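Report on the structure given below.
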Amino acid sequence: MKVGTNSFLRGRPFSFILACLLATTLLLWLCEKNPFSTTLLSTPNQFSIPAIGFVEVSPNTSLSVTKANENIEEKDIQISILEDINEDKEKSVAGPVGSPPEISSEMQKSEVTGEEEKSDVGPVVSPPEFISEMQKTEGDVPSLSTKKVCNFAKGRWEKDNERPLYSGFDCKQWLSEMWACRLTQRTDFSYEKYRWQPENCETSKFERSSFLRRMQDKTIAFIGDSLGRQQFQSLMCMASGGLYSPEVENVGKQYGLVKARGAIRPDGWAYRFPKTNTTILYYWSASLSDLVPLDAKDRASDVAMHLDRPPAFLRKYLHRFHVLVLNTGHHWNRGKLNANRWVMYVDGKPNADRKRAEIGNAKNFTVHSIARWVDSQLPSHPNLKAFFRTISPRHFSNGDWNTGGSCDNTSPLSGGSEVVNDGSKDPIVEDAVKGTNVKLLDITALSELRDEGHISRYSIRGTTGINDCLHWCLPGIPDAWNELLIAQI
């Protein structure tokens, strides 16, 4: 009995020690997994975790607080890696997150290895400042996609066998014979088979009935030089399909557009499509300045060219317009001013500023003046959309129009088919509309690629030795101008 009892008593201390060791090990393991163990850290090692989202837990999901906190902690560690991502491209970071300023420098030095543990925690929403940082991130970190911007001036010319939009033979009701190249001795018409495709823009094929419905009870006014007149005639042919349309009403008298006695032609034209009450008009104003004869009774009188005043026609009828398209450019040369007897005026009296009298400065002053004036009128005309069209390029080579210059190329796009540069080729107009609500109708660069589309030597007038490398064959390049206009209305 004594021997057995003593053996039992000697084994109890060993069992007790073993039990204590197991309990201590279990306790340490639980403390390590306990989410509240961080509160036992010393004060210098503590830091605050920013609230970067909300955790949503379904009532049917047994998600512990420990699981949620581990997930948030892991997200924060991932965030801290972004600042060092460019130094170590082999680090793997899951999800578009940023690096909040509240996280300590010690946390920012952490590294994450392995894949992110899946959890039932809802998505972590990044604040705006995190998103902006992500947009700048390159390399292995995914960046947020940004919507590409539509640019009507950039793009490319593409072959389109469904062109032209109307017949150059049949649109005699609106189209001047001198611009209808199908009526000349020209035999190559491949220039008609191209359309302009703007960069990142969704454009639909022009359909005249749809266009007229959109423009129901509206008036489109072109005011400018002969290139503006070409755009006007192009739109009339497009809207009518180039077909004879006796129902279209001539309403020029309602705008004072009648042929004066002794004049070669009226100052403009205006036509109305009766089914939709759509009016399209053109007014000739080559300089976009107000022209007033100094002696109304003398046809040979000089004409005051008011650089700081818009044309009287525009001031009088602006309230009737819904779309306004301005253009100028090719009359700004000393020869034109002298031939037309135009004398520069500013503030109601002859211009005394020699620097302003220089042609380039005078043009710049006038373009800016009318752009600012139109912009000042827009608040009073909320239904009006105003456009300033950039200059149409010339393609004379080996001389000018009166010195043997020519443009004999008939091969489309021999100089390229694409416009890739930002900024307009007409910086004067581009600068004039900047900061205003007048829109830029930029056609210069895309038209520069189409030197084969000019009338060239095939003028119906048959003038020997003179090439027209300024105006365009119709149908032709101005049709694309109108498509861009319609897309922006």
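The values are calculated or read from the model by the stated rules, or taken from the named source; none is laboratory data. Keep in mind that what you see is a predicted model, and the values were worked out from it rather than measured. Cβ sites come from the backbone with ideal geometry, for glycine too, and all protein chains shown count toward neighbours. Areas reflect the complete protein model, heavy atoms only, side chains present, ligands, DNA and RNA absent. Shrake-Rupley method; radii C 1.70, N 1.55, O 1.52, S 1.80 Å.
Given (1) in contact with a Ser or Thr (Cβ under 7 Å, 6 or more places away or on another chain); (2) open to solvent by less than 10 Å² (accessible area, probe 1.4 Å), identify the lone condition not met by L294.
(2)
Read through the list (1) within 30 Å of the chain's Cα centre (by Cα); (2) over 20 Å from K172 (Cβ atoms), then give the number of the only condition that Y255 fails.
Result: Y255 passes all but (1).
For residues in segment 405-439 being in a loop (DSSP other than H, G, I, E, B), under 15 Å from the mean Cα position of the chain (by Cα) and of a type in the set (A, V, I, L, M, F, W, C), which is surrounded by the fewest Cβ atoms within 10 Å (Cβ to Cβ)?
V420
Please count how many residues of segment 440-489 are assigned to a loop (DSSP other than H, G, I, E, B) and at pLDDT 95 or above.
Here the count works out to 8.
So, in segment 264-285, how many residues would count as being modelled with pLDDT under 95 and buried (at least 22 other Cβ atoms within 10 Å of the Cβ)?
0
Only residues that are closer than 13 Å to E483 by Cα and either in contact (Cβ under 8 Å) with a residue 40 or more places away in the chain or within 23 Å of the chain's Cα centre (by Cα) (or both): list them for segment 208-230, please.
F211
Restricting attention to segment 353-402, which residues are farther than 19 Å from A304 by Cβ and of a type in the set (V, I, T)?
Across segment 353-402, the qualifying residues are V374, T390, I391.
Looking at H395 and the list (1) over 21 Å from the mean Cα position of the chain (by Cα); (2) part of a loop (DSSP other than H, G, I, E, B); (3) more than 18 Å from L227 (Cβ to Cβ), which single condition is not satisfied?
(3)
Quick one: in segment 215-260, of everything that is aromatic (F, W, Y) and either in a helix (DSSP H, G or I) or in contact with a strand residue (DSSP E or B) (Cβ under 9 Å, 6 or more places away or on another chain) (or both), which residue is surrounded by the fewest Cβ atoms within 10 Å (Cβ to Cβ)?
Across segment 215-260, the extreme among qualifying residues is Y255.
Inside segment 446-485, can you point out the residues that are open to solvent by 20 Å² or more (accessible area, probe 1.4 Å) and within 16 Å of the chain's Cα centre (by Cα)?
Hit for segment 446-485 is E483, nothing else.
Check off (1) closer than 30 Å to V248 by Cα; (2) touching a residue at least 40 places away in the same chain (Cβ under 8 Å) for R272 and give me the number that stays unchecked.
(2)
Among the residues of segment 159-193, how many are open to solvent by less than 60 Å² (accessible area, probe 1.4 Å), outside any helix (DSSP H, G or I) and closer than 19 Å to T410 by Cβ?
9
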